[in-house]
Amino acid sequence: MRYVIVSVVKGKAGIFNNNLRKEVYEKFNAKSSKLPAHFTIKAPFEADNIIELENILEEFSKENYCAPYKVKGYDHFDDRVIFMKVFMSEEGKILHDNLIDAMSTVNYIKFDKLDGKNKVFHITISSKKIKNIFNDLLNYVSNIPCDFDCNFDNICIYKWENNTWVLHKEYILKK
């Protein structure tokens, strides 16, 4: 089975991202992820049994407090991905790195530079075959104000089923 681990962006920032992705799809036919607004904790991976991982995330969520982060403006990875910029707080970085350490104890979880401790936190707007419309798309979104205060308050496991991501389990961090 294929899984991904993310933190869903809730509230105004999440609604904004979901609506903006829909808008750029309608205007530019620019596709995005089938996940709700999120930043990635662990890129997709394969596993038959994730009970050990679920237990770790359950325990982690009971022992750790949520942390703030800011979403402000836009950026891109080359001409492949356009995203909302995430400025993770120091508490959020520590929380994230501790989570990576906890998850790394599971033998089938392997992090690399793109999804490990020093990742570029971001909330994707568009990432599917946008090379030919990249400049138009970036110019379009750059004119839309983007400034939100958010909380890293959840860890979600999504499972790939019937050609889409389905929420498997959500863990809520302490307030």
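Only the coordinates and a few stated rules stand behind these numbers; no lab work does. What you are looking at is a predicted structure, and each value in this text was computed from that prediction instead of being measured. For neighbour counting, all protein chains shown are included, and Cβ atoms are generated from backbone atoms with ideal geometry for every residue, glycine included.
Overview of results
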read-out: At 0.890 mPa s and 25 °C, Stokes diffusion of the stretch 87-175 via Kirkwood alpha-carbon radius, µm² per second; value: 151
read-out: Mean Cβ count within 10 Å, highest first, over the residues of peptides 123-133, 71-81; value: 123-133, 71-81
read-out: Of all DSSP beta bridges in the chain, antiparallel share, percent nearest 5; value: 95
read-out: Formal net charge of residues neighbouring residue 55 (Cβ-Cβ distance under 13 Å; K, R +1; D, E -1); value: -3
read-out: Kirkwood hydrodynamic radius of the stretch 2-172, Cα pairs, Å; value: 16.6
read-out: When each of 12/70; 34/174; 85/117; 22/129; 10/85 is checked by Cα-Cα distance, pairs over 20 Å; value: 34/174
read-out: Within the chain, helix-based [θ] at 222 nm, where runs of 4 or more DSSP H residues each add -39,500 (n - 2.57), nearest 500; value: -10000 deg cm²/dmol
read-out: Max mean-square fluctuation residue, GNM over the chain, Cα-Cα springs under 10 Å, options 143, 135, 163; value: 163
